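Read the figures in this text as sums done on the coordinates, not as results from a lab. The structure presented is a predicted model; accordingly, all values stated were derived computationally and were not measured. Note: ideal-geometry Cβ built from the backbone for every residue, glycine included; neighbour counts use all protein chains shown.
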Amino acid sequence: MTDLPISSDLLAEKNKAEEAALANDYASLGEQLDRRGIDIDVITRKVAAFTVAVPSWGVGTGGTRFARFAGPGEPRGIFEKLDDCAVINQLTRATPNVSLHNPWDKADVRELKAKADSLGLGFDAMNSNTFSDAKDQKHSYKFGSLSHTDAAVRQQAIEHNIETIEIGKALGSKALTVWIGDGSNFPGQSNFTGAFERYLGAMKSVYAALPDDWRVFTEHKLYEPAFYSTVVQDWGTNYMIAQELGPKAFCLVDLGHHAPNVNIEMIVARLIQFEKLAGFHFNDSKYGDDDLDAGSINPFQLFLVFNELVDAEYRKAKGFTPAYMIDQSHNVTDPIESLMTSAIEILRAYTQALLVDRPALAGYQESNDVLMANQSLKRAFTTDVGPILAKARLAKGGAIDPVGVYRAAGYRAKVTAERPSSGGSSSGIV
Ligand SMILES: [Mn+2]
């Protein structure tokens, strides 16, 4: 028995008002796709089966290193965060799993499981945190964690990751995501080789604690919080880590963790080819790790990433089981609205990629017909797939217009009354 946060009567009423228009739009798009040899219902079923996890910290208001402006009705702990995550899933029907963070989300695991069950939610990859100091922690991570020069600090970081695995086991999670803030701010501060050796040694201890059916995802990032060098700076280093650790280790791609203009879709292709793609942290950016909503700045890049993923899906690439998660910081928008629209944009890119005429594209590539090869991608990208997304949501009991229903339901005003501002921050950027 689930206890969903938005009134089912309101949802049904709002959907009813838009159902006829959607049916017309869907039929019209269906005709158009039929002329291209595509069965719209086959695409809609695939879209309905696609899910992306939301991060527990994403429903809190984020901030920058300059300031954080708290939003109204922010969740004060993991149980209220799960309530907000349930709204996102109820209206989009695309986000049934939540990715937890240790220690921000620490709570009795039976209560966590019961709460998630009551909301129809499950748990995705567990995230450890050795990039900030927890309360009453013995050693500080100011100068690093898994690569720290002091073996006692590294041991503490190893034990934290093992504890995170233990919590995840009790919750039914199957993966650990490790992102470290380790690095250096000034040339000379750190010995690159020594730091990486220490990191690999520590990660081998974490890897040894993984259950047989678990995977570990390591996440690279070229800068921040360290500004001169990071220990796990790019996909090459990340690939070396996965190779060193073993078959349960995979490389996580966060779209905001690359240098400007890097061809991320090509990195995706390489990691798929060598069976080391863990999956994604979706977000978008203009300049760096901006953590903006997926698809808000560069939807074509998101489409090109999905073009590689769909290509791998269709040719049944060996070892291809990507984990998808949104990883954003919502500083100036309502986090629930941002996460709903981001989930929709991710699905939009997936849907557009499903429309690529792959046999035709392969032919243009073979015959070096450059213009038509590019046009076959653009044709898929410029197709308005909105009716497919709405139809897939509706078929699963979601909203034709998720943001419209959310606003009509007055959820933010309701939780603002119930949740007095704590003044503190429990959000973060990973
Ligand atoms: Mn991330």
TODO: Taking H placed 1.01 Å from N in the peptide plane, check which residues at least 5 places from Gly279 or on another chain put their amide H under 5 Å from its amide H.
DONE: Val253, Ala323
Open item on the list: With θ taken as phi - 60° and the coefficients 6.51, -1.76 and 1.60, list the Karplus ³J(HN,Hα) couplings across segment 152-164 in order, rounded to whole Hz; mark glycine and proline as x.
Closed with: 5, 5, 4, 4, 4, 5, 4, 4, 4, 5, 5, 4, 4
- [ ] Report, ordered by chain and residue number, the lysines lying within cross-link reach of Lys248, taken as a straight Cα distance under 27 Å and ignoring same-chain residues fewer than 8 apart.
- [x] Lys106, Lys113, Lys169, Lys174, Lys204, Lys221, Lys276, Lys316, Lys318
Open item on the list: Below 8 Å, C-alpha to C-alpha, sequence gap of six or more: please give me the relative contact order for segment 295-407 in percent.
Closed with: 29
Task: Distance cut-off 31 Å, percentage of C-alpha pairs in the chain lying past it - done: 41
Task: Under 18 Å from the Cα of Lys414 - aspartates and glutamates, other chains or at least 8 residues apart - done: Asp3, Asp9, Glu74, Glu80, Asp83, Asp84, Asp334, Glu337
- [ ] Return the sequence-ordered ³J(HN,Hα) values of segment 40-46 in whole Hz as given by the Karplus equation 6.51 cos²θ - 1.76 cosθ + 1.60 applied to θ = phi - 60°, using x for Gly and Pro.
- [x] 4, 5, 5, 5, 4, 5, 5
- [ ] Take the alpha-carbon centre of segment 208-265, take the same for segment 150-188, and report the distance between them in whole Å.
- [x] 13
Task: Span from the segment 391-424 Cα centroid across to the segment 80-104 one, whole angstrom - done: 12
Open item on the list: Skipping prolines and chain starts, which residues have an amide H placed within reach, meaning under 5 Å, of the one on Asp293, given they are 5 or more residues away or on another chain?
Closed with: Asp284
- [ ] With a point put 7 Å past each Cα toward its Cβ, work out how far Asp212 is from Thr321 in nm, to one decimal.
- [x] 1.4
Task: Qualifying trypsin sites (Lys or Arg not before Pro) for segment 1-37 [loop in DSSP, other Cβ within 10 Å: at most 14] - done: Arg36
Open item on the list: At 222 nm, what value in deg cm²/dmol follows for the chain if DSSP H runs of at least 4 each add -39500 (n - 2.57) and the sum is divided by all its residues, to the nearest 500?
Closed with: -15500 deg cm²/dmol
TODO: May I ask you to derive the relative contact order of the chain, considering only C-alpha pairs under 8 Å and at least 6 residues apart, and to give it as an integer percent?
DONE: 22
- [ ] Could you tell me which chymotrypsin sites (Phe, Trp or Tyr not before Pro) in segment 1-98 are loop residues by DSSP with no more than 14 other beta carbons within 10 angstrom of their beta carbon?
- [x] Phe66, Phe69
Open item on the list: What is the distance in Å between the Cα centroid of segment 281-360 and that of segment 11-76?
Closed with: 13
TODO: Please find the FRET efficiency linking Val370 to Ala259, where r is the Cβ-Cβ separation and R0 is fixed at 35 Å, and quote it to the nearest 0.05.
DONE: 0.85
Task: Gain in span if fully extended, Ala134 to Asp108, counting 0.36 nm per residue against the direct Cα distance - done: 7.6 nm
Task: Separation of the Asp39 and Ala67 label points, Cα + 7 Å toward Cβ, nm - done: 5.7
TODO: With springs only between Cα atoms under 10 Å apart, run a GNM on the chain and tell me which of Thr341, Thr333, Thr61 wobbles the most.
DONE: Thr333
- [ ] Quick one: which residues, 5 or more positions from Thr230 or on another chain, have an amide H under 5 Å from its amide H? H modelled 1.01 Å from N in the peptide plane, none for Pro or chain starts.
- [x] Ser184
Task: Using θ = phi - 60° and Karplus 6.51 cos²θ - 1.76 cosθ + 1.60, couplings along segment 317-328 (whole Hz; Gly, Pro as x) - done: 4, 4, x, 8, 9, x, 9, 10, 9, 8, 9, 9
Task: Loop-located chymotrypsin sites (Phe, Trp or Tyr not before Pro) in segment 319-351, at most 16 other Cβ atoms within 10 Å (DSSP) - done: Phe320
